[in-house]
Amino acid sequence: MTNPKLALIPSGYKGGAVYSILPSDGGGDFTFDRASEGTRVRKDGLIEEVSNDVPRLDWSDGNCPSLLLEAERTNDTTYSEDYTQTSYWGNVIDVVATKDEAVAPDGNFTANKIQANSGTNFKILRTNAFTIPSGVTMSMFVKKGNHDYIIFKAQGDYEFNLSTLQFNQSYSNVGYEDYGNGWIRLYATTSSSVLSYFGIYLTDSSFNQSWAATGDEFVYVWGAQYEVGDYVSTYIKSNSGGTTTRLFDDLESDTSYSTGNDVTWFLDFDTYTFENSFRAAMVVRNSGFTQTMDWISYNSGSDYYIRIRATNQSALQTIIAFGEDAIQMFTRNKVAVRLYGSNFEIYVNGTREYIGTSDDGDWTVLNNSAILNDFGTTSERPSTKLYDFRVYDQTMTQSELEELTTL
């Protein structure tokens, strides 16, 4: 396979920059900005907090790191790691919370122990009642101590077994992530506005909320998060009595360069959130911003896609809008867009999905033109995991493009 003119395979970075693999002289390096701290999962599986403007290479998918490019989110939990703070965790019934009792998912000895008192009663640690609106996601890290049965209280009551890692019922709005070492991150998204609570209950094996405890039963908890949005984002530490905001990640190229008459754009990515329709996951434009190609989030009812859209800005004419039923959101995709003259080919996950011709002649945003790149520059951008980005400035065959885009 031919060598790309530009290749960004996330592996090297420093504060404010992500290094491209090609060109080797650094001419293709990307600038990076995030005006707040953020977290990632390191290769050893531990959560790590990184400083402002430091890119986040995340290993939560296993052996292959991705560059996290997230939207802005705020954790409204004022004490995410200290469950003894009754100013937030104000409704405590027949349990005792003790901080700094076990190693937390970030490797520090800051996990909280929630232990039942003896006797028959409810065993609850939660916030005081407040109105929880629709479109909020609540999450919490939980680890089995010597007790299996809990209810994750996130407006609703979600029964979970910490040994089998199973919910007791089928819920459409909940899930969990396994962080290893026994730590499970439970999450739930609301679909209505209800006066309710956020917290955790210890129960018996039948998930009865009032039950007879010996006084020895306990679990560990850490990292509570309450955020506006319909998905769980990376952990935001909020432990000083106020809310904490993680600002959005901004990856851009400050380098203008030219391409030839036959050019291919390749992106290996997972756009795993939906903020709004027509929010860019990637934008390519010429130096005069008269022509653009953007990869945008798009929904049709309950179906969500990435749409590739090419626009002649001068004539306000969309040349091509492609993606429905081919480039799905919430999953990893490998996509290549090839332009040769006024002809187009689009490959998605090993299959050539589109062949066409522009009515507007040469699409100079992609060939014979200086270009710029960015990967979303607003707080409402869809969150993306970027695995690989390349620009090929020579002819590629159908078999090469099929091989390049095969998952």
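The values are calculated or read from the model by the stated rules, or taken from the named source; none is laboratory data. What you see is a predicted model, and the numbers here were worked out from it, not measured in a lab. Quick reminder, even Gly has a Cβ in these numbers, built from the backbone with ideal geometry, and neighbours come from all protein chains shown.
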More than 18 Å from Ser238 (Cα to Cα) and either among the acidic types (Asp, Glu) or within 26 Å of the chain's Cα centre (by Cα) (or both): does that describe Ile124? no
So, in the range 237-265, how many residues would count as being assigned to a strand (DSSP E or B), at pLDDT below 95 and surrounded by fewer than 24 Cβ atoms within 10 Å (Cβ to Cβ)? 8
Would you confirm whether or not the range 9-17 contains a residue that is part of a strand (DSSP E or B), touching a residue at least 60 places away in the same chain (Cβ under 8 Å) and touching a strand residue (DSSP E or B) at 6+ places or on another chain (Cβ under 7 Å)? no
The lone condition Asn161 fails out of (1) surrounded by fewer than 19 Cβ atoms within 10 Å (Cβ to Cβ); (2) under 22 Å from Ile236 (Cα atoms) is (2)
Which residue out of Gly27, Gly16, Gly38 is surrounded by fewer than 16 Cβ atoms within 10 Å (Cβ to Cβ) and more than 18 Å from Val391 (Cα to Cα)? Gly16
Taking the range 18-44 only, how many residues are in contact (Cβ under 8 Å) with a residue 60 or more places away in the chain, in a loop (DSSP other than H, G, I, E, B) and not acidic (Asp, Glu)? 5
Applying the selection to the range 174-204, what residues are more than 20 Å from Phe218 (Cβ to Cβ) and at pLDDT below 95? Gly180
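So which of Ala102, Ala71 ends up being closer than 20 Å to Trp183 by Cβ and of a type in the set (A, V, I, L, M, F, W, C)? First the steps, then the outcome.
Working: Ala71 fails: closer than 20 Å to Trp183 by Cβ.
So the residue among Ala102, Ala71 that is closer than 20 Å to Trp183 by Cβ and of a type in the set (A, V, I, L, M, F, W, C) is Ala102.
When the residues of the range 101-144 are filtered to those that are part of a loop (DSSP other than H, G, I, E, B) and small (Gly, Ala, Ser), which remaining residue is surrounded by the most Cβ atoms within 10 Å (Cβ to Cβ)?
Within the range 101-144, the first condition is being part of a loop (DSSP other than H, G, I, E, B), and the residues that meet it are 103-110, 117-118, 123, 127-129, 133-135.
Those left that are additionally small (Gly, Ala, Ser): 104, 107, 118, 129, 134-135.
Details: Ala104: 23, Gly107: 14, Ser118: 12, Ala129: 13, Ser134: 12, Gly135: 12.
Here the answer is Ala104.
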If I filter the range 218-236 for residues that are hydroxyl-bearing (Ser, Thr, Tyr), surrounded by fewer than 18 Cβ atoms within 10 Å (Cβ to Cβ) and more than 23 Å from the chain's Cα centre (by Cα), do I get at least one hit? no
Can you say whether Ala213 is more than 24 Å from Glu380 (Cα to Cα) and surrounded by 17 or more Cβ atoms within 10 Å (Cβ to Cβ), as far as the supplied structure shows? yes
For residues in the range 45-100 being without any contact (Cβ under 8 Å) to a residue 24 or more places away in the chain and outside any loop (DSSP other than H, G, I, E, B), which is nearest to Asp230 (Cα to Cα)? Val50
